[in-house]
Amino acid sequence: MKIKKGLYRVKNFYKDLMEKYRAPRTQLVLKRRVSDLFVKILRTTLLFGLCFVILFPTIQQLSMALRAPEDINNPAVIWIPETWSLMNIKIAATVLDYGRAVINTFKMSLISMMLQLFSTALAGYAFSRLKFRGSNILFLGVIITIITPPQALSLAQYLYFRDLGLIGKEVSIYIMSGLGMGIRSGIFIYIFRQFFRGLPKELEESAQIDGAGVFRTFWSVMLPNARGAIVTVALFAFVWQWNDAYYVQIFDVSTEKFPLLTMQLINAAERMYATLFYTGGLDLIGQNVWENPLFLALISNVAALLMMLPLLIMYLFVQRQFVESIERTGIVG
């Protein structure tokens with residue numbers, strides 16, 4: 001009997017103890033679930049807000065591009081066009097001389113990208129592995145080119161290429177890219193230098209044992225292992241050259257025979273009247289087109305959308321490689 005009473009007391013004591021701590025424990029679990037739910041809602045709201053802020057200009061441009069020209073001054077049309085039409089896209093494409101301009105811009109961006117890849121990768125490898133007296137000072141000069149505004153060098157560059165007779169020719173852009181003075185080349189040299197410094201030296205030592213020289217080691221061993229840096233630099237170089245209007249304008253590369261998208265977009269207002277005359281847009285807008293600033297802004301926005309459309313399509317195919325390359329090179333911000 002005494003044993004049974006003892007067991008009964010122990011059982012009751014354990015039961016009371018569990019009931020005593022069960023309520024606070026339940027409250028703790030409930031608070032944790034509520035806090036997790038609040039964090040999820042806050043995170044979703046922030047991501048949705050950021051996506052809306054980023055995509056809002058593109059959505060607005062699409063809405064404006066697909067509305068009829070006569071709906072421009074209609075206050076009832078805000079997002080969804082009352083009359084769907086491709087006339088704005090047709091006018092903008094004619095203003096840009098879109099077919100030729102896309103081909104020329106793609107050609108210049110691709111060649112400049114390849115030249116910048118080779119020159120900046122070679123310079124980055126030299127700064128990371130080939131130590132010599134004054135190498136740090138030279139690399140400091142590369143860093144200075146990153147923080148120096150291009151306007152400070154534009155006059156000297158223009159005079160130099162003018163003396164060579166290269167003003168008005170696309171080869172001037174290629175020379176700058178091939179000599180490591182292209183758009184943001186200093187950043188690309190820095191990226192390659194940091195990436196090559198992270199590769200093990202055993203790769204070079206094994207190549208040297210096999211009799212490979214410096215350039216053969218760079219080309220056959222180091223460069224294939226720098227895939228992450230190559231993809232990053234290639235994408236940035238292509239996009240920045242595609243959107244470049246500064247150097248193209250300085251060297252007067254864009255001409256009637258060789259139109260480029262950026263300069264066609266800048267000169268869109270000057271070409272607007274002739275384009276409307278040939279496309280029949282004057283019948284819809286009226287002869288006093290210059291008195292309608294909303295229409296000029298509309299065509300400029302549609303032209304900008306057409307300019308970045310090839311880049312958006314290309315990014316859909318290289319999105320995964322771009323994200324992976326950013327992670328491998330360690331670029332932040």
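Restricting attention to the range 168-217, the residues that are more than 30 Å from residue 254 (Cα to Cα) and of a type outside the set (Val, Ile, Thr) add up to 24. For the range 208-238, what are the residues that are under 21 Å from the mean Cα position of the chain (by Cα) and buried (at least 17 other Cβ atoms within 10 Å of the Cβ)? Passing the criteria: 226, 228, 229, 230, 231, 232, 233, 234, 235, 236, 237, 238. If the requirement is being part of a helix (DSSP H, G or I) and at pLDDT 90 or above, which of these qualifies: 239, 231? Just one listed residue meets the conditions, 239.
Of all residues in the range 181-207, those that are part of a loop (DSSP other than H, G, I, E, B) and over 31 Å from the mean Cα position of the chain (by Cα) total 1. When 115, 130, 28, 46 are checked against the criterion of being modelled with pLDDT under 80 and either outside the structural domain of residue 312 (by TED's automatic domain parsing) or under 30 Å from residue 197 (Cβ atoms) (or both), a single residue qualifies: 28.
Taking each residue of the range 229-251 that is outside the structural domain of residue 320 (by TED's automatic domain parsing) and looking for partners that are among the hydroxyl-bearing types (Ser, Thr, Tyr) and at pLDDT below 90 with beta-carbon atoms closer than 8 Å, six or more apart or interchain, yields nothing. Being surrounded by fewer than 16 Cβ atoms within 10 Å (Cβ to Cβ), more than 20 Å from the chain's Cα centre (by Cα) and β-branched (Val, Ile, Thr) is the filter here, so list the residues in the range 104-161 that pass it. Passing the criteria: 137, 143, 144, 148.
Taking into account only those residues within the range 162-180 that are within 19 Å of residue 124 (Cα to Cα) and buried (at least 16 other Cβ atoms within 10 Å of the Cβ), which is farthest from the chain's Cα centre (by Cα)? Top of the filtered list is 175. Being modelled with pLDDT of 80 or more and touching a helix residue (DSSP H, G or I) at 6+ places or on another chain (Cβ under 8 Å) holds for only one residue in 301, 292, 267, and it is 301.
The values are calculated or read from the model by the stated rules, or taken from the named source; none is laboratory data. Computed from a predicted structure; not experimentally measured. Positions of Cβ are backbone-derived with ideal geometry, glycine not excepted, and every protein chain shown enters the neighbour counts.
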